[in-house]
1. At 1.306 mPa s and 10 °C, plugging the Kirkwood radius over alpha-carbon pairs of the range 89-140 into Stokes-Einstein gives what diffusion coefficient in µm²/s?
2. Name the long-range amide H neighbours of G134: under 5 Å, sequence gap of 5 or more, or other chain; modelled H, no Pro or chain starts.
3. For W111 paired with Y189, estimate the spin-label separation in nm (one decimal), with each label point 7 Å from Cα along the Cα-to-Cβ line.
4. Take the alpha-carbon centre of the range 83-152, take the same for the range 23-62, and report the distance between them in whole Å.
5. Per the helix-only calculation at 222 nm, which mean residue ellipticity applies to the chain, given -39500 (n - 2.57) for every DSSP H run of n ≥ 4 and division by its residues, nearest 500 deg cm²/dmol?
6. How far is it, in nm, from the label point at R71 to the one at L173 when both lie 7 Å from their Cα along the line to the Cβ?
7. Write down the Kirkwood hydrodynamic radius of the range 1-193, to one decimal in angstroms, obtained as one divided by the mean of 1/r over all alpha carbon pairs.
8. Could you order peptides 176-184, 17-25, 84-92 by the average number of other Cβ atoms within 10 Å of their residues, highest first?
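Since every read-out is calculated from the coordinates, none of them should be taken as a lab result. All of these numbers come straight from a predicted model, not from anything done at the bench. Every residue, glycine as well, gets a Cβ built from its backbone with ideal geometry; the counts of neighbours run over all protein chains shown.
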Amino acid sequence: MRRVLTWHTRAGEVGLLLLKLHLLWVVWSLAGGIVLGVFPATAAVYGVIRGELLRPGSPPEFRRLWRQEFRTANVVGYVFAAAWAVLLLDRRLLETADLGVVEPLLGAVLWLVTLFVSGMTANIWILAAHFDEGPGALVRRSAILVLARPVQALVTLLVVGVVLCAYYLVPGLVPVFGVAVPAFASFAYVWGTAVLPRAAGS
C-alpha cells in the first residue's frame, strides 16, 4: 500500500513539474520573441528534466538554463530547422519531377536520410542537456549516437512518436503539457539505458 501511495505521489509531482515546464516554455519562448526564444526554452526544458532525474525535487532554475543555453540552442535549433527544410524541399521536388528509373533509388536514399535526421533530432536536445559542448560537437555527437546505437536512437524516436500520436488523439493534452511530455519520456528512456555517463554535465 505504501509503495502504491509513493508511486501516486511521485506521478503527481512529475505531472505538476511537466505542467510548470510547459508554462515556462511558453513564457520564455515569448521572451525571446519566439524566433530566438523557442530553442533555448526547449533546451531549458530538457535541462530541468535532467536535473530532476539526477536530483529529484531540486532541478536547476529554468531561467538560468535558458540564458546559459541561448547561443548553442539557437545554433543547433536552426541547423536542424535548415536540414528539415532541405529534406522537405527535396521531397517536394522528388514528387513533382520526372526522374525516370533513378527516382525509386533517390526516394529510398531520401527516406534513409530522413530517418537518420529524425533520429538525430530526437536525441540532440537530450545530448545538449547532458554535455557542455558547442553546437558542432553536439551535432557530431548526435550523428555518432545514431550510427553507433541505431536501435536506441530509433526507440527514442518511437517514444517521441507515441507521445505525438497521443497528442493527436487527445488534442487537449497539447496546451497542458506541450513539449514537456515528449522531452521527459525520451530523456527518461535514454537515461535508463545508461548510455549517458553519469559524470557528464552542463
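1. 122
2. none
3. Simple spin-label model gives 2.1 nm for this pair.
4. 25
5. After summing the helix terms and dividing by residue count, I get -27000 deg cm²/dmol.
6. Computed distance between label sites R71 and L173 equals 3.8 nm.
7. Taking every pair of different Cα atoms in the range 1-193, averaging 1/r and inverting gives 17.9 Å.
8. 176-184, 17-25, 84-92
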